[in-house]
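Engineer: First the structure, then my questions, so here it is.
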Amino acid sequence: MRMSNRLCGTFAAAALLCTTAGCVTNPETGERQVSTKGAIGGVLGAVAGYFAGDVIGGKRDRTERIVGAGIGAVAGGAIGTYMDRQEKKLREDTAGTGVEVDRQGNELLLTMPSGITFPVNSAQIQPQFHSTLDQVAQTLSSYPSTLIDVYGHTDPSGGDAINIPLSQQRAQSVASYLGQRGVQMQRIATQGFGSSRPLPGNYNATEAERAANRRVEIRIVPLEQDAA
């Protein structure tokens, strides 16, 4: 289990588990990782809801359509290594950009703050962010055996009448951009949540919290052979 600095406060249980179950240092990232399945299970319980549950549209139905389109699944025993390599490349792609890469089990979540991705009240991707998305798209294309969900989020300012369509449009803009850069659209689904899913422990009480909640997330879930 790997975690970014932004989530350390929310995932405080992980520190306790490292002392009780033992942690190891990842030689590639330098990050501390929980080293036992039991400890991982405890952390997953503590952070339930951060990752968005089932993939959009249902995992089995989407997997069947994707495999039917000629995109192969990954054998269960190889999934960890497959996602390790993809995670390492995505961290390299986004280093220093403001994009955060988080991991829970074999799923990855890229969080892109709206301030670096979109102009205010717009769903048009800012030109200076194109190079980062280009690299992300190249990596996603190189690791095709995954489902990709793109989620749009806002803070509560302005109300649902504005925020829900805006979050949907921003998610679709990112998805379309990835598709234009070679990521198979069969793999991608989008959803805008408006302000209904703030970050854990974030209550929109300050401008900094509201800014953090204005974001687009890319969730990457491996295709397993036994799920097809």
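The values are calculated or read from the model by the stated rules, or taken from the named source; none is laboratory data. Since this is a predicted model, take the numbers as computed values, not measurements. Neighbour counts run over all protein chains shown; Cβ positions are idealised from the backbone, glycine included. For accessibility, only protein heavy atoms count, side chains too; no ligands or nucleic acids. Shrake-Rupley method; radii C 1.70, N 1.55, O 1.52, S 1.80 Å.
Engineer: Counting just the residues of region 69-113 that are in a loop (DSSP other than H, G, I, E, B) and among the polar types (S, T, N, Q), which one comes out most open to solvent (accessible area, probe 1.4 Å)? Lay out the reasoning, then the answer.
Structural biologist: Initial filter on region 69-113 (in a loop (DSSP other than H, G, I, E, B)): 69-73, 75, 95-99, 105-106.
Applying the additional criterion that residues be among the polar types (S, T, N, Q) yields 97, 106.
Values: THR97: 38, ASN106: 61 Å².
Applying the filter and picking the extreme gives ASN106.
Engineer: In region 182-191, what count of residues is obtained for those that are in contact with a Ser or Thr (Cβ under 6 Å, 6 or more places away or on another chain) and buried (at least 18 other Cβ atoms within 10 Å of the Cβ)?
Structural biologist: Our first condition is that a residue be in contact with a Ser or Thr (Cβ under 6 Å, 6 or more places away or on another chain); within region 182-191, this holds for 182-183.
Add one more test, that the residue is buried (at least 18 other Cβ atoms within 10 Å of the Cβ), and what stays is 183.
Result for region 182-191: 1.
Engineer: Could you pull out the residue among GLY158, GLY194, GLY179 that is part of a loop (DSSP other than H, G, I, E, B) and open to solvent by less than 30 Å² (accessible area, probe 1.4 Å)?
Structural biologist: Details: GLY158 fails: open to solvent by less than 30 Å² (accessible area, probe 1.4 Å); GLY179 fails: part of a loop (DSSP other than H, G, I, E, B).
One residue alone meets the criteria, GLY194.
Engineer: Separate question: Could you tell me whether region 114-131 includes any residue that is farther than 20 Å from ARG85 by Cβ, polar (S, T, N, Q) and under 16 Å from the mean Cα position of the chain (by Cα)? Before you say what the answer is, go through the steps one by one.
Structural biologist: Filtering region 114-131 down to residues farther than 20 Å from ARG85 by Cβ leaves 114-131.
Retained after the next criterion (residues that are polar (S, T, N, Q)): 114, 117, 121-122, 124, 126, 128, 131.
Then drop every residue that is not under 16 Å from the mean Cα position of the chain (by Cα), which leaves 114, 117.
Yes, region 114-131 has at least one match.
Engineer: Scan (1) open to solvent by 10 Å² or more (accessible area, probe 1.4 Å); (2) free of Cβ contacts under 8 Å to residues at least 60 places away in the same chain; (3) not in a helix (DSSP H, G or I) for the single condition ILE116 breaks and write down its number.
Structural biologist: In the conditions (1) open to solvent by 10 Å² or more (accessible area, probe 1.4 Å); (2) free of Cβ contacts under 8 Å to residues at least 60 places away in the same chain; (3) not in a helix (DSSP H, G or I), ILE116 misses (3) alone.
Engineer: Related question: For a quick check of your reading of the model, give me the residue pairs whose first member lies in region 137-152 and is modelled with pLDDT of 95 or more and part of a helix (DSSP H, G or I), whose second is open to solvent by less than 40 Å² (accessible area, probe 1.4 Å) and of a type in the set (Asp, Glu), with beta-carbon atoms closer than 9 Å and at least 6 apart or on different chains.
Structural biologist: GLN138/ASP93; THR139/ASP93
Engineer: Name the single residue, out of those in region 40-68 being within 17 Å of the chain's Cα centre (by Cα) and part of a helix (DSSP H, G or I), that is modelled with the highest pLDDT.
Structural biologist: LYS59
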